[in-house]
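Have a look at the structure below, then the notes.
The values are calculated or read from the model by the stated rules, or taken from the named source; none is laboratory data. Since this is a predicted model, take the numbers as computed values, not measurements. Cβ placement follows ideal geometry from the backbone for every residue including glycine, while neighbour counts extend to all protein chains displayed.
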There are 2 protein chains.
Amino acid sequence: MRVAILAHEGFPDRAKTAVGILQYGDHEVVAVLDRTRAGERVRDHVPDAADAPIVDGIDAVGEPIDALVVGIAPIGGGFDETWRPDVRGALERGADVVAGLHYFLGDDPEFADLADERDAAIRDLRRPPDDLTVSEGTASDVDAEVVLTVGTDCSSGKMTTTFELAAAARDRGVDAGVVPTGQTGIAVENYGIAVDRVVSDFAAGAVERMVEERAAEFDVLFVEGQGAIAHPAYSGVTTSILHGAMPDRLVLCHVADHEAVHGYEHVPIPPPGEYAALYESLAAPVAPAEVVAGALNTQRLDDDAAGAAVEEYAEAIDAPATDPVRFDAAELLPAVLGED
Amino acid sequence: MRVAILAHEGFPDRAKTAVGILQYGDHEVVAVLDRTRAGERVRDHVPDAADAPIVDGIDAVGEPIDALVVGIAPIGGGFDETWRPDVRGALERGADVVAGLHYFLGDDPEFADLADERDAAIRDLRRPPDDLTVSEGTASDVDAEVVLTVGTDCSSGKMTTTFELAAAARDRGVDAGVVPTGQTGIAVENYGIAVDRVVSDFAAGAVERMVEERAAEFDVLFVEGQGAIAHPAYSGVTTSILHGAMPDRLVLCHVADHEAVHGYEHVPIPPPGEYAALYESLAAPVAPAEVVAGALNTQRLDDDAAGAAVEEYAEAIDAPATDPVRFDAAELLPAVLGED
């Protein structure tokens, strides 16, 4: 799929979806739209991605595209009206538009009419399917091995770890697939359900459906977790994924030296060893799973400190650990694939 | 509020909301509509409720009413078209209609028009408010004492225990309120949010909002739990309530001799002592709370067996226990109110 990615005023640091697609997607990225960086190159900012020009708007994209992907989400998930000419321009040339905003572009009258007229599709990634139902408690019956990333907080590296592990497994010849549960993962995979937008009653059922669908295609599934089990706001989403996916093994993601829940500074994060035990005790009655590996985000540390932090983390959770971005996710594969 | 309750072909055993209102509501029930029992009396079936006639339809209700409450929910939560004349009849006389169905009566064109015309309101109890947001993690700051009922399964007595404890506390002069989280409780209290219908991300926030609102009115709150923490489908709802409400104390509800999750017979229910510990360990990192009492549903046992089962249950969870329907919820008050 040939795409342009909209990331005005946010590339790369506030354009998580854009960077996710560049790093992990199999899209052919023709251009990134960021009017504050027009003339620069993707490679200047994301060294491990395929290169592409950065341009100031859709009219500067000369090549044909299949879709324009909104690769940035402002706080609150709203639609920035300065993006309207780009979305309009994409639809006018018959390209699809893909977005993970809270504001559904498909409900915007101008975009809906234009899409109709040009036979283009608008895909709002956060809109749940309308035929979801309750979980049947059957995901543990699938033939695939199921590995779930869980975390000690939001933004603790679950999505990155999921994709890094899947890539490392594929490098080893394993037929590995990803089950994305958030909008960036969904944009990368062009598949998935944003579980946090699903009605509570159906959240586990949504995950179960994805695991069962993807298990028919792959031997090993890496399920992207959300939130954290001791998060004051999102623990329900986390629990629904844990019990809906019924994973065989868990990978615990944590940010080095991160001690209180982000945005909830009055809620301390339990020590990683306790946290791992909590996930295991909550999994046990529904579908037992152990924390077999750890992923530590050491971005804020220097190399020496990072190595020491990983070692300490591995000891705390009593399992092999690494920083899958700074070091190599492949180190975790024997444990994660159950070969130990 | 003077009401008639629709319960066609379901009263009393399949009309949980009707019976809940009769037992725990402060509504004045003018009549119950059940065409299969017309001519009988409420007292013939629900001995501990105020008496009222059972009639075959709205036209047989001679007295004025403020509202018709749909007191029955067929499997799937659909609307039974044979009820249409009753709903129409209620609206035609200017009465409100209150329902907890999945099918929203307010979206039915005939009913919506009629309500408009007669200046009557349609209240769909399962429709969440449209201004919900994420939890702020602040429910533990309220002045009221907060007691949450939790269970080992769905239908384990959480709603009944909540209302029985609140009534027993009021009998002792305690200024006790209920925070209902499901449609029957909401119909009884004429207040509340059906948490299972809330988007996952906002489920804890919905509970937090209710706790903060009701804490301004009452000294002690009894929060109605939903689902169970080891339930394959509904554990996300349970976790959102546990972390959103940030209760001071928990009451564990269980059905005697119930050993597998209802509808998920391949998932065994952990022993009550382990289950209590699991709730406590999940509560701890966000807002610590202990299981201070137990409510055992002994309906299927004879008197001797019931007494023995309660004793055994109390021992298993290491806390006072009773069957709040068969025996007396007041036995639990010292523990539940933290007076022990």
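Here are some notes:
- Selection from the stretch B:269-283 of residues that are hydrophobic (A, V, I, L, M, F, W, C) and either within 8 Å of chain A (Cβ to nearest Cβ) or surrounded by fewer than 19 Cβ atoms within 10 Å (Cβ to Cβ) (or both): B:Ile269, B:Ala277, B:Leu278, B:Leu282
- Flag: B:Arg197 matches the condition of being surrounded by fewer than 24 Cβ atoms within 10 Å (Cβ to Cβ), facing another protein chain (nearest Cβ under 9 Å), in contact (Cβ under 8 Å) with a residue 24 or more places away in the chain and among the charged types (D, E, K, R).
- Checking the stretch B:207-214 against the condition returns a match, with at least one residue being facing another protein chain (nearest Cβ under 9 Å) and farther than 22 Å from B:Thr322 by Cβ.
- Candidate set from the stretch B:28-52 (those that are crowded, with 21+ Cβ neighbours inside 10 Å and not aliphatic (A, V, I, L, M)); member that is nearest to B:Val97 (Cα to Cα): B:Asp34
- Within the stretch B:180-194, considering residues that are within 14 Å of chain A (Cβ to nearest Cβ) and touching a Lys or Arg at 6+ places or on another chain (Cβ under 7 Å), the one nearest to B:Arg2 (Cα to Cα): B:Gln183
- Residue list for the stretch A:106-146, filter: within 11 Å of chain B (Cβ to nearest Cβ) and among the hydrophobic types (A, V, I, L, M, F, W, C): A:Val134, A:Ala139
- Residue that is surrounded by the fewest Cβ atoms within 10 Å (Cβ to Cβ), among those in the stretch B:1-22 that are among the small types (Gly, Ala, Ser) and in a loop (DSSP other than H, G, I, E, B): B:Gly10
- Any hit, the stretch B:62-79, residues being buried (at least 21 other Cβ atoms within 10 Å of the Cβ) and without any contact (Cβ under 8 Å) to a residue 40 or more places away in the chain: no
- Qualifying residue in the stretch A:23-32 (condition: assigned by TED's automatic domain parsing to the domain that holds A:Asp96, under 20 Å from A:Gln299 (Cα atoms) and not in a strand (DSSP E or B)): yes
- Among the residues of the stretch A:237-268, those that are within 13 Å of another protein chain (Cβ to nearest Cβ) and either surrounded by fewer than 24 Cβ atoms within 10 Å (Cβ to Cβ) or under 17 Å from B:Ala284 (Cβ atoms) (or both) comprise A:Thr238, A:Thr239, A:Glu259, A:Ala260, A:Val261, A:His262, A:Gly263, A:Tyr264, A:Glu265, A:His266, A:Val267, A:Pro268.
- A:Gly338 satisfies every condition listed in (1) closer than 23 Å to A:Met159 by Cβ; (2) part of a loop (DSSP other than H, G, I, E, B); (3) in contact with a helix residue (DSSP H, G or I) (Cβ under 9 Å, 6 or more places away or on another chain) except (3).
- Selection of the stretch B:284-306 for residues being buried (at least 16 other Cβ atoms within 10 Å of the Cβ) and among the small types (Gly, Ala, Ser) yields B:Ala287, B:Ala289, B:Ala293, B:Gly294, B:Ala295, B:Ala306.
- Test: residue in the stretch A:329-339 that is within 18 Å of the chain's Cα centre (by Cα) and within 26 Å of A:Tyr24 (Cβ to Cβ): yes
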